[in-house]
There are 2 protein chains.
Amino acid sequence: MVMNRKCIIRLSRYKNALKRLKALGFVKVFSGNLADAAGVTSSQVRKDFSLFGITGNRRGGYRVDELVVKISQILGKNELQKVVIVGVGHIGNALLRYKGFEAGGIKIVAAFDIDPSKYTKAAEVPVLPLEEFRRFIQEHQIKIGILAVPDVAAHHVSEIMISAGIKGILNFAPIQLRAADEVIIGNINLEVELENLIYFVNAQDKADPAMVLADDE
Amino acid sequence: MVMNRKCIIRLSRYKNALKRLKALGFVKVFSGNLADAAGVTSSQVRKDFSLFGITGNRRGGYRVDELVVKISQILGKNELQKVVIVGVGHIGNALLRYKGFEAGGIKIVAAFDIDPSKYTKAAEVPVLPLEEFRRFIQEHQIKIGILAVPDVAAHHVSEIMISAGIKGILNFAPIQLRAADEVIIGNINLEVELENLIYFVNAQDKADPAMVLADDE
DNA sequence: TTTTTTTTGACATTTATTTCACAACAAATG
DNA sequence: CATTTGTTGTGAAATAAATGTCAAAAAAAA
């Protein structure tokens with residue numbers, strides 16, 4: 001099992017690139033094509049593939065269809081992934097309405113909040129009271145949750161999520177969530193991202209090669 | 001000039017940790033304290049600091065106040081950083097209303113869209129027609145923009161931004177934006193983030209050490 | 001003042017990641 | 001069928017990043 005985050009991110013990128021290439025009519029691709037599309041070297045593409053046991057044909061490259069299936073398998077995307085959101089403030093609400101997930105096999109199935117004025121139990125994606133969280137998670141066997149509550153509540157709410165059985169949290173609160181055992185935490189900190197950008201833009205004034213910040217990274 | 005993104009991210013983390021420690025009444029800290037707060041080793045903290053020429057006192061550790069000032073300097077945060085948003089959909093709107101930036105010296109000064117029904121020219125943070133983008137950017141000397149338009153528009157709009165003088169783009173559209181010369185691009189791709197989480201949660205079922213996904217990278 | 005204690009700062013070591021280089025191979029060509 | 005061509009797959013080399021170690025420094029204690 002490959003446990004290198006950068007590598008997994010690249011895999012996601014390859015998959016996205018493949019979808020675009022497929023839309024353009026590509027039936028097979030070479031490592032170099034994917035490298036260009038994903039902004040890496042062709043060696044890296046082949047190395048990544050070999051790490052996951054993905055093989056192509058010498059001289060023939062890779063079949064786009066097969067590649068998409070294999071990568072999706074590795075990323076666990078061949079079955080629909082159900083995800084919940086906790087915290088229906090501005091960010092939570094935006095994510096709730098974000099249309100980009102469905103195409104990628106990710107479905108937001110419910111959101112939770114403590115503010116009764118936000119409850120919409122009958123909606124297609126219902127907003128439910130946080131008290132119902134545990135029951136819902138266990139009933140629907142949900143493993144992934146997005147945390148979008150204010151920073152002061154984040155740690156407390158994350159504990160509720162974990163105790164209910166959530167195994168992976170994507171945290172938007174601007175605090176560094178401490179990882180409990182067996183739970184994976186991904187942090188998206190907007191201020192940190194902007195600070196990064198500011199640093200490198202300022203640095204640009206002194207040095208100058210163009211660059212794309214990796215995720216990562 | 002340090003060009004290692006992970007290192008800069010850690011610097012942001014140290015700064016956040018320092019703010020919390022300061023709120024708790026800390027006057028000085030040791031590398032070990034910061035390491036704990038940021039989830040790294042003390043060697044790493046000292047290494048990072050030495051990279052940026054930040055020094056402390058042997059036995060005395062580091063003064064919290066000085067450290068915050070120095071790190072803020074490095075991150076270019078001692079003056080207010082003005083940022084604009086392009087695209088006032090769900091995500092753009094959420095960012096527009098996000099309160100977390102101001103404390104960190106980042107100010108959203110305007111947003112832009114092509115939909116007249118969204119214009120609010122008189123608001124504290126106005127939403128303006130995209131046609132006014134160039135004039136506004138040049139008048140206010142803005143370097144950083146957040147791109148939150150639908151994917152099909154992202155590339156086109158990024159070119160408008162760059163030609164108007166924007167030097168750093170934080171891209172929320174789910175495409176890999178190609179970096180034009182002298183422009184820094186940071187990508188936040190929600191689907192990629194979730195895919196990562198899904199992968200590692202699935203992996204967890206087989207192997208088991210607890211983990212926090214680093215940014216970075 | 002001297003000794004002890006504690007922590008930094010620098011460097012050495014280890015570990016991880018990326019790139020290089022090329023043999024092995026499959027398709028295309030003659 | 002042999003030869004040429006172009007691409008993969010991989011082990012070795014290079015590069016980058018993190019960690020460990022300890023002398024030197026500074027504060028505190030004796």
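Report yes if B:P174 is more than 8 Å from every other protein chain (Cβ to nearest Cβ), open to solvent by 30 Å² or more (accessible area, probe 1.4 Å) and under 17 Å from B:A94 (Cβ atoms), otherwise no. Judged against the criteria, B:P174 is not a match.
The test for being away from chain B (no Cβ under 11 Å), more than 22 Å from the chain's Cα centre (by Cα) and either within 24 Å of B:N189 (Cα to Cα) or away from DNA strand C (no atom under 15 Å from the Cβ) (or both) holds for A:T41. Of the residues making up the stretch B:29-39, those that are at pLDDT 95 or above and either of a type outside the set (A, V, I, L, M, F, W, C) or within 9 Å of DNA strand D (Cβ to nearest atom) (or both) number 4.
Do any strands (runs of 3 or more DSSP E) lying entirely in the stretch A:85-159 carry at least 3 residues that are within 21 Å of A:I188 (Cβ to Cβ), and which ones are they?
Working: elements: A:106-113, A:127-129, A:144-147.
Those strands (runs of 3 or more DSSP E) span A:106-113, A:144-147.
Scanning the stretch B:46-67 for any residue that is more than 16 Å from DNA strand D (Cβ to nearest atom), more than 23 Å from the chain's Cα centre (by Cα) and at positive phi turns up nothing.
Tell me, which residue of the stretch B:68-85 that is hydrophobic (A, V, I, L, M, F, W, C) and open to solvent by 20 Å² or more (accessible area, probe 1.4 Å) is farthest from DNA strand D (Cβ to nearest atom)?
Here is the first cut: in the stretch B:68-85, the ones hydrophobic (A, V, I, L, M, F, W, C) are B:68-69, B:71, B:74-75, B:80, B:83-85.
Now drop any that are not open to solvent by 20 Å² or more (accessible area, probe 1.4 Å), which leaves B:68-69, B:74, B:80.
On the way: B:V68: 20, B:V69: 19, B:I74: 16, B:L80: 30 Å.
Step by step, filter the stretch B:68-85, then rank; the result is B:L80.
Looking at A:G104, A:G100, A:G87, can you tell me which residue is within 15 Å of A:V157 (Cβ to Cβ) and under 20 Å from the mean Cα position of the chain (by Cα)? Spell out how you get there, then give the answer.
Details: A:G104 fails: within 15 Å of A:V157 (Cβ to Cβ); A:G100 fails: within 15 Å of A:V157 (Cβ to Cβ).
Being within 15 Å of A:V157 (Cβ to Cβ) and under 20 Å from the mean Cα position of the chain (by Cα) holds for just one of A:G104, A:G100, A:G87, which is A:G87.
Under the condition of being under 22 Å from A:E195 (Cα atoms) and either in a loop (DSSP other than H, G, I, E, B) or small (G, A, S) (or both), the residues counted in the stretch B:33-50 number 6. May I ask you to verify whether B:I175 is in contact with a Gly (Cβ under 7 Å, 6 or more places away or on another chain) and over 27 Å from A:M3 (Cβ atoms)? No, not satisfied.
The rows are residues; the columns are (1) open to solvent by less than 20 Å² (accessible area, probe 1.4 Å); (2) without any contact (Cβ under 8 Å) to a residue 60 or more places away in the chain; (3) more than 14 Å from chain B (Cβ to nearest Cβ).
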{"site": "A:R59", "(1), (2), (3)": "no, yes, yes"}
{"site": "A:G87", "(1), (2), (3)": "yes, no, no"}
{"site": "A:R97", "(1), (2), (3)": "no, yes, no"}
{"site": "A:K118", "(1), (2), (3)": "no, yes, yes"}
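If you check A:S158 against the conditions, is it modelled with pLDDT of 95 or more, more than 11 Å from chain B (Cβ to nearest Cβ) and open to solvent by 20 Å² or more (accessible area, probe 1.4 Å)? Quick ask: steps written out before the conclusion?
Numbers: modelled with pLDDT of 95 or more: yes; more than 11 Å from chain B (Cβ to nearest Cβ): yes; open to solvent by 20 Å² or more (accessible area, probe 1.4 Å): no.
Spelling it out, it is not the case that A:S158 is modelled with pLDDT of 95 or more, more than 11 Å from chain B (Cβ to nearest Cβ) and open to solvent by 20 Å² or more (accessible area, probe 1.4 Å).
Out of the residues in the stretch A:1-16 meeting the condition of being modelled with pLDDT under 95 and of a type in the set (A, V, I, L, M, F, W, C), tell me which one is least open to solvent (accessible area, probe 1.4 Å). In this case the residue turns out to be A:V2.
The numbered conditions (1) away from chain B (no Cβ under 11 Å); (2) not in a helix (DSSP H, G or I) are all true for A:K82 except (1).
Among the residues of the stretch A:14-32, those that are closer than 16 Å to A:E66 by Cα and either among the charged types (D, E, K, R) or assigned to a helix (DSSP H, G or I) (or both) comprise A:Y14, A:K15, A:N16, A:A17, A:L18, A:K19, A:R20, A:L21, A:K22, A:A23, A:K28, A:S31.
All of B:K47, B:K70 fail the test of being farther than 30 Å from B:F172 by Cβ, within 10 Å of DNA strand C (Cβ to nearest atom) and either at pLDDT 95 or above or within 14 Å of another protein chain (Cβ to nearest Cβ) (or both), apart from B:K47.
The values are calculated or read from the model by the stated rules, or taken from the named source; none is laboratory data. Quick caveat: nothing in here was measured; it's all calculated off a predicted structure. Neighbour counts run over all protein chains shown; Cβ positions are idealised from the backbone, glycine included. Ligands, DNA and RNA are stripped out before the accessible areas are found, and what is left, the full protein with its side chains, is counted by its heavy atoms. Shrake-Rupley method; radii C 1.70, N 1.55, O 1.52, S 1.80 Å.
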